[in-house]
Amino acid sequence: MTAVRHGDLYGLRRDKYAALAEGDVSRTQWEAFEPAKPFYLFKPYGGAVEEEYGRGFPLPEIIPVNSVGVVTARDNLTIDFDGEVLWRRVGDFASFGEEEARAKYDLGKDVRDWKVRLAQEDVRASGPSRENVKPILYRPFDVRATYYTGVTRGFICMPRRVVMRHMLAGENLGLITTRQTRDEWGGFVTDSIIGHKSLAAYDINSLFPLYLYEGKAEFGIGGRVINISPEFGEKFLAAVGALSLDNSPEVGTRSGSREVLYPEDIFYYIYGVLHSPTYRSRYAVFLKIDFPRIPLPKNYECFDRLATAGEKLAALHLLKDKANWDWRGIGQRPDGGTDTTVGKVAYDEKNQAVIFDAKKPPKEQVSVGPVPENIWEFHIGGYQVLQKWLKDRKGRKVDLGDYIPIIVALIETDRVMKEECDPAFKEMMGF
């Protein structure tokens with residue numbers, strides 16, 4: 001068997017170049033090691049931490065039915081901020097000739113899995129029907145509209161119908177995360193279908209729906225079944241001392257019982273674990289290369305603390321009841337303009353304000369604050385949320401009632417992660 005050896009070289013670039021120019025493979029101090037399953041990393045990594053993390057359950061073994069997000073192949077055609085605008089576009093697209101549509105919507109050349117002709121045929125065969133206009137999570141806190149028929153290589157290139165239909169057939173919750181990522185690792189929640197870059201800027205993300213809908217009609221009313229593997233469910237129940245895992249009467253609710261758990265209890269527990277800063281930093285190398293692994297709770301109390309925190313975070317990230325939130329004094333600065341059209345987005349560190357268009361004279365600028373610097377820089381997956389949300393709306397007038405709740409949600413997310421998720425996770429793991 002070929003031996004594997006590893007060596008590190010740290011320092012400034014010029015020092016590295018000098019060391020490499022003068023060095024020799026035979027004189028390098030190598031550390032021999034044997035790559036171990038399940039990751040077979042080609043570098044030694046703290047054995048105790050790797051073993052500890054490896055005892056957790058891989059997310060696909062917990063929520064077995066899952067898939068990557070929707071790939072449209074033509075976002076500018078298939079997705080819009082406004083459902084009514086999209087619906088009118090769909091009607092026009094279906095009525096045009098093939099080349100006329102290609103030119104009007106700047107669709108470029110056909111590719112193997114998306115062709116103008118097939119997209120038009122799909123729309124026409126579907127009606128078109130206004131009922132097919134569905135919400136889609138495009139980026140964190142950024143829900144837009146798409147026209148969804150579920151037909152592969154139709155209007156949408158890869159609609160991932162096998163999984164996404166469960167987000168359309170009835171109320172549901174879905175966990176979004178990545179298998180591999182070059183971005184900052186993250187997780188997010190959704191109650192709608194998702195795009196393949198809703199969380200990750202460079203790599204694709206996947207959706208893990210909590211419930212599956214089984215019925216005769218593709219998108220009709222059917223039985224709601226739990227998308228949690230029996231093996232994990234049994235071990236989870238044993239860990240917390242509960243007796244059964246039952247379908248919840250209403251999606252999103254916890255059981256409030258020690259004897260009977262709902263799927264939401266497990267979902268929120270996982271969400272709480274994934275938002276522990278210690279979990280993210282301690283297992284950072286593994287989160288970059290595979291789906292996250294979830295440890296079983298130590299006892300009911302540890303489970304309940306993490307599930308309570310996870311439930312709070314999910315409500316924040318879904319912007320539940322945002323109209324009733326305390327906006328904490330965050331608002332439009334009174335000494336600026338009133339035009340909320342987005343231009344050159346900037347952040348004023350001194351005044352803790354987000355400026356919608358820094359190219360305008362100061363008296364005409366719309367700015368919102370106070371926004372702490374760490375919240376302005378807050379990332380979810382590959383996106384700096386507050387900056388990305390605005391930049392994607394360049395040239396558009398935005399409603400502050402849509403933007404300020406995201407600021408509030410991030411401020412509270414930061415607090416819950418640090419003050420609730422992390423202490424509960426550390427106590428559970430004995431750190």
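The values are calculated or read from the model by the stated rules, or taken from the named source; none is laboratory data. All values derive from a computational prediction rather than experimental measurement. Glycine also receives a Cβ, built like all others from the backbone with ideal geometry; neighbour counts cover every protein chain displayed.
Could you tell me whether any residue of the stretch 295-309 is modelled with pLDDT of 95 or more and within 21 Å of L386 (Cβ to Cβ)?
no
Inside the stretch 267-288, can you point out the residues that are closer than 20 Å to N172 by Cβ and either basic (K, R) or in contact (Cβ under 8 Å) with a residue 60 or more places away in the chain (or both)? So that I can check it myself, show each step before the final result.
Of all residues in the stretch 267-288, those closer than 20 Å to N172 by Cβ come to 267-272, 274.
Matches in the stretch 267-288: F267, I270, Y271, G272, L274.
Residues checked against (1) crowded, with 24+ Cβ neighbours inside 10 Å; (2) under 25 Å from the mean Cα position of the chain (by Cα); (3) at pLDDT 95 or above:
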| site | (1), (2), (3) |
| --- | --- |
| V123 | no, no, yes |
| V151 | no, yes, yes |
| C157 | no, yes, yes |
| M164 | yes, yes, yes |
| L175 | no, yes, yes |
| R179 | no, yes, yes |
| D183 | no, yes, no |
| G186 | no, yes, yes |
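Within the stretch 1-113, considering only helices (runs of 4 or more DSSP H) that don't extend past its boundaries, which have at least 1 residues that are over 35 Å from the mean Cα position of the chain (by Cα) and of a type in the set (K, R)?
Values: elements: 13-22, 47-54, 59-62, 75-78, 83-95, 98-104.
In the stretch 1-113, 13-22 are the helices (runs of 4 or more DSSP H) which contain 1 or more residues that are over 35 Å from the mean Cα position of the chain (by Cα) and of a type in the set (K, R).
Listed here are the residues, each with its yes/no results for (1) in contact with a Leu (Cβ under 9 Å, 6 or more places away or on another chain); (2) assigned by TED's automatic domain parsing to the domain that holds Q120; (3) surrounded by 17 or more Cβ atoms within 10 Å (Cβ to Cβ); (4) aliphatic (A, V, I, L, M).
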{"position": "G47", "(1), (2), (3), (4)": "no, no, no, no"}
{"position": "F57", "(1), (2), (3), (4)": "yes, no, yes, no"}
{"position": "P60", "(1), (2), (3), (4)": "no, no, no, no"}
{"position": "T72", "(1), (2), (3), (4)": "no, yes, yes, no"}
{"position": "E84", "(1), (2), (3), (4)": "no, yes, no, no"}
{"position": "S95", "(1), (2), (3), (4)": "no, yes, no, no"}
{"position": "E100", "(1), (2), (3), (4)": "no, yes, no, no"}
{"position": "Y105", "(1), (2), (3), (4)": "yes, yes, yes, no"}
{"position": "G108", "(1), (2), (3), (4)": "no, yes, no, no"}
Close pairs (8 angstrom Cβ cut-off, 6 or more residues apart or separate chains): assigned to a helix (DSSP H, G or I) in the stretch 289-304, surrounded by fewer than 17 Cβ atoms within 10 Å (Cβ to Cβ) anywhere: Y300/G241; Y300/R258; C302/E427; F303/A239
For the stretch 324-353 the number of residues that are in contact (Cβ under 8 Å) with a residue 40 or more places away in the chain and aliphatic (A, V, I, L, M) is 3
If I filter the stretch 31-40 for residues that are assigned by TED's automatic domain parsing to the domain that holds E100, on the phi < 0 side of the Ramachandran plot and either modelled with pLDDT under 75 or touching a helix residue (DSSP H, G or I) at 6+ places or on another chain (Cβ under 6 Å) (or both), do I get at least one hit? no
Condition (residue is touching a Leu at 6+ places or on another chain (Cβ under 9 Å), more than 17 Å from M429 (Cα to Cα), part of a helix (DSSP H, G or I) and in contact (Cβ under 8 Å) with a residue 60 or more places away in the chain) applied to the stretch 239-260: is it met by at least one residue? no
